[in-house]
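Below you'll find the structure, written out as C-alpha cells, and then a few comments.
The values are calculated or read from the model by the stated rules, or taken from the named source; none is laboratory data. What you are looking at is a predicted structure, and each value in this text was computed from that prediction instead of being measured. Every residue, glycine among them, receives a Cβ derived from its backbone with ideal geometry; neighbour counts consider all protein chains shown.
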Amino acid sequence: MDLGLANKIALVTGASGGIGASVARLIAQEGADVLVAYGRNADAAEQTAAAVRGAGRRAWCVPLDLGSPESVQVAVATVREHVGAIDVLISNAGRNVVTPFDELSTQEWDEVVRVNLSGTFYLLKAARPLLRAGSAVVMVASVAAHTGAPQHAHYAAAKAGIVNLAKSAARALAPDIRVNCVAPGLTLTPMGAEALEGREPEYVRGKLLAGRLAAPDEIARAIVFLASPAAGFVYGATLDVNGGRDLR
C-alpha cells in the first residue's frame with residue numbers, strides 16, 4: 001500500500017532511539033526526508049540519520065530539549081534553515097520517572113509534565129508556521145492516559161493531557177492540518193523496561209491479550225499511517241496500539 005509520503009519532509013522528535021528511531025526509518029522507507037530531533041544522544045541520532053540516508057532519503061540531526069521553550073524555538077529555527085517547511089510533525093519524545101504516588105515530589109511532577117505535555121504544546125506552537133496545508137501532526141501518548149499508573153501518575157496525567165491536546169488542536173487547525181494521537185502500550189524500549197521494573201512475565205500474563213510486549217516498529221507503523229495521506233479522513237483520533245491492554 002502506497003501511503004503517499006514520497007518526497008514529504010518529516011520532523012520526528014525523540015528519534016535517537018526506541019519508537020522515534022523506528023518512525024524515522026519507516027517514514028524514510030515510504031519516501032520522506034527526515035529531521036531527526038534528539039535530546040541527549042547525538043551519536044544515536046546520527047545512527048538514525050544514517051539509516052534514513054541508507055533508504056535513499058535526506059536526513060538532518062536537530063538537538064532539541066522539549067522541556068525548554070527556548071530550545072524548541074532554536075530547533076524550529078534550525079528546521080526552517082534546513083528545509084523551509086515540513087509536511088509531517090511527529091511529537092514522540094517524552095520522559096518518565098517511576099515513583100510511587102506517595103513518594104512523588106512536586107519537582108518530579110513538574111519536570112515530567114513539562115517535558116511530555118507542555119513540550120508537546122511548545123513544539124506544535126513553534127512549528128505551526130512551518131506546516132504546509134495538508135500537513136499531519138501525530139502526538140504520542142500512552143495507554144497510561146486511559147488506565148492511570150500508580151507508579152508514575154505524573155506521566156499518566158501528562159499523556160492524558162496529550163490525548164486532549166490532540167483533540168483541541170485538531171479542531172483548531174482543521175481542515176488544512178490533521179492532528180491525531182497514538183497511545184502505545186508498553187514497548188520494548190529502555191523507557192518500557194524501566195516502567196516494568198522486572199515485572200514483564202506477570203504483566204504480560206495478566207494484562208495483554210497479545211501475550212507479549214510491542215516491538216518499536218509495531219508502534220511506529222501506526223504513527224506513520226496516521227501521518228500519511230492514507231489517513232486523510234482521520235481527525236482528532238486516538239489510535240490505541242497496546243496489545244489489548246485497554247479495551248475502550
What helices (runs of 4 or more DSSP H), lying completely within region 38-119, carry at least 1 residues that are in contact with a Leu (Cβ under 9 Å, 6 or more places away or on another chain) and within 24 Å of N180 (Cβ to Cβ)? 69-83
Looking at V137, V88, which one is within 15 Å of T238 (Cβ to Cβ), touching a Ser or Thr at 6+ places or on another chain (Cβ under 9 Å), among the hydrophobic types (A, V, I, L, M, F, W, C) and in contact (Cβ under 8 Å) with a residue 24 or more places away in the chain? V137
Just one of the numbered conditions (1) in contact (Cβ under 8 Å) with a residue 24 or more places away in the chain; (2) more than 20 Å from T13 (Cβ to Cβ); (3) out of contact with any helix residue (DSSP H, G or I) (no Cβ under 6 Å at 6 or more places or on another chain) is not true of A93; which one? (2)
Apart from one, (1) within 20 Å of H152 (Cα to Cα); (2) touching a Ser or Thr at 6+ places or on another chain (Cβ under 8 Å); (3) modelled with pLDDT of 95 or more; (4) surrounded by 15 or more Cβ atoms within 10 Å (Cβ to Cβ) all hold for L64; the odd one out is (1)
Filter region 1-45 down to residues that are under 19 Å from V83 (Cα atoms) and among the basic types (K, R) and give me whichever is farthest from the chain's Cα centre (by Cα). K8
Scan region 98-134 for residues that are touching a residue at least 40 places away in the same chain (Cβ under 8 Å), polar (S, T, N, Q) and surrounded by fewer than 24 Cβ atoms within 10 Å (Cβ to Cβ) and report the count. 2
Of residues in region 194-248 being at pLDDT 95 or above and assigned to a loop (DSSP other than H, G, I, E, B), the one surrounded by the fewest Cβ atoms within 10 Å (Cβ to Cβ): F233
